[in-house]
Amino acid sequence: MRRSIIAGNWKMHGSREAVAGFCKALRGARLGAELDVLVFPPVAYLGQFVDGVRNTGVAAGAQDLHPAAQGAHTGGVSGAMIAELGGRWALTGHSERRSEHGESDALVAAKFGAALSAGLRPILCVGETLAQRQSGEAESFVARQVQTVIEAVGVDGLARGAVAYEPIWAIGTGETAAPGQAAGMHRLIRETIAASDAALAESIRVIYGGSVSPHNAAELFSEPEVDGGLIGGASLQVQSFLAIVAAAV
Ligand code: PEP
């Protein structure tokens, strides 16, 4: 039985006041005992968030990182800097990074490796567009996204992280993949990994993201292939985030 992950991705939302309120609501709740509860606030608030959730069982991470350890990279934030702020995880290859910043599979793989080098646990985000799904290319597209990371960091590297399947057509749209659709792609991801390491294919956590809400979370998480969720919009309000956490327990 794989341990579930529920991860909140705040994207570019928040303020010091909002972080303080969110952390206050989390304090006292021992959330990390049965599953990994993670929050990815904007990196500007990561230190504040980490301080605010100390001893709650909630862990935090960054939504992105630079592939280099240091150097002349204006605006960049390295894995070591994230770790120094108390981050333990990092998202890599979120579709908004891929589309807004032109991140290629190779760059995403380099970021995954950089997170590992800094001692962070990376979550590799993968997923297809609606056009790719409609033209029957979704499987090969997602398989290549996964395979590029395996080639860059090896199966031992991949094993230190997790995968999030996030169909782009479901992110922020209110349209969720049917549980069977999500399960089918999670199985494809495991088959891709199994070509390199059959045991890892079964043990790695593959979570689903794309308009998960308190209303659909339980049905999605009841799929044995779905090891939890990466939650965007519904993670911004602490009560809906906690309702999704409850659906995974
Ligand atoms: C996300 O940001 O990764 C995401 C899945 O967003 P939403 O839950 O809002 O679709």
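Summing charges over all other residues whose Cβ lies under 12 Å from the Cβ of Asp36, with Lys and Arg as +1 and Asp and Glu as -1, gives +3.
Roll a 1.4 angstrom probe over the protein heavy atoms and tell me the percent of accessible area of the range 4-248 that is carbon or sulfur. That share works out to 52 percent. Please report the spacing between the Cα centers of the range 42-111 and the range 192-249 in Å, no decimals. About 20 Å separates the Cα centre of the range 42-111 from the one of the range 192-249.
For Glu225, what charge total do you get from the other residues with a beta carbon under 9 Å from its beta carbon, if Lys and Arg give +1 and Asp and Glu give -1? Summing Lys and Arg as +1 and Asp and Glu as -1 gives 0. Taking every Cα-Cα distance in the range 1-147 and sorting them into 10 Å bins starting at zero, the pair-distance distribution P(r) comes out as 11, 37, 33, 16, 2 percent. Just Gln48, Gln134, Gln237 to compare: in a GNM of the chain, with alpha carbon springs under 10 Å, which one fluctuates most? Judging by the Gaussian network model, the answer is Gln134.
Scanning the chain for long hydrophobic helices, with DSSP H runs required to stretch 20 angstrom or more by C-alpha along their axis and to average at least 0.5 on the Kyte-Doolittle scale, returns 138-159. Taking all Cα pairs closer than 8 Å and separated by 6 or more residues, the relative contact order of the chain comes to 19 percent.
Calculated [222 nm] ellipticity per residue, helices only, for the chain: -12500 deg cm²/dmol; basis is -39500 (n - 2.57) per DSSP H run with n ≥ 4, divided by all residues, nearest 500. Amide H to amide H, with H built 1.01 Å from N, Ile231 comes under 5 Å of Ala7, Gly8, Asn9, counting only residues 5 or more places away or on other chains.
Only Lys, Arg, Asp and Glu carry charge here, each on its Cβ (+1 for the first two, -1 for the last two); on that basis the chain has a dipole of about 740 debye about its Cα centre. Equivalent-ellipsoid semi-axes for the range 4-248 (Cα gyration tensor, √(5λ), whole Å, largest first): 25, 22, 16. Compactness of the range 102-243 was expressed as the Cα radius of gyration divided by 2.2 N^0.38 Å, which yields 1.01. For the set Asp197, Asp227, Asp51, solvent exposure ranked by accessible area (probe 1.4 Å, protein chains only) runs largest to smallest as Asp51, Asp197, Asp227. Rolling a 1.4 Å probe over the heavy atoms of the protein chains gives the chain an accessible area of 43 Å² per residue.
The values are calculated or read from the model by the stated rules, or taken from the named source; none is laboratory data. Here the structure is a predicted model, which is why all the values come from computation and not from measurement. Please note: Cβ atoms are built from the backbone with ideal geometry, for glycine as well, and neighbour counts cover all protein chains shown. The area values use the complete protein model at the heavy-atom level, side chains included, leaving out ligands, DNA and RNA. Shrake-Rupley method; radii C 1.70, N 1.55, O 1.52, S 1.80 Å.
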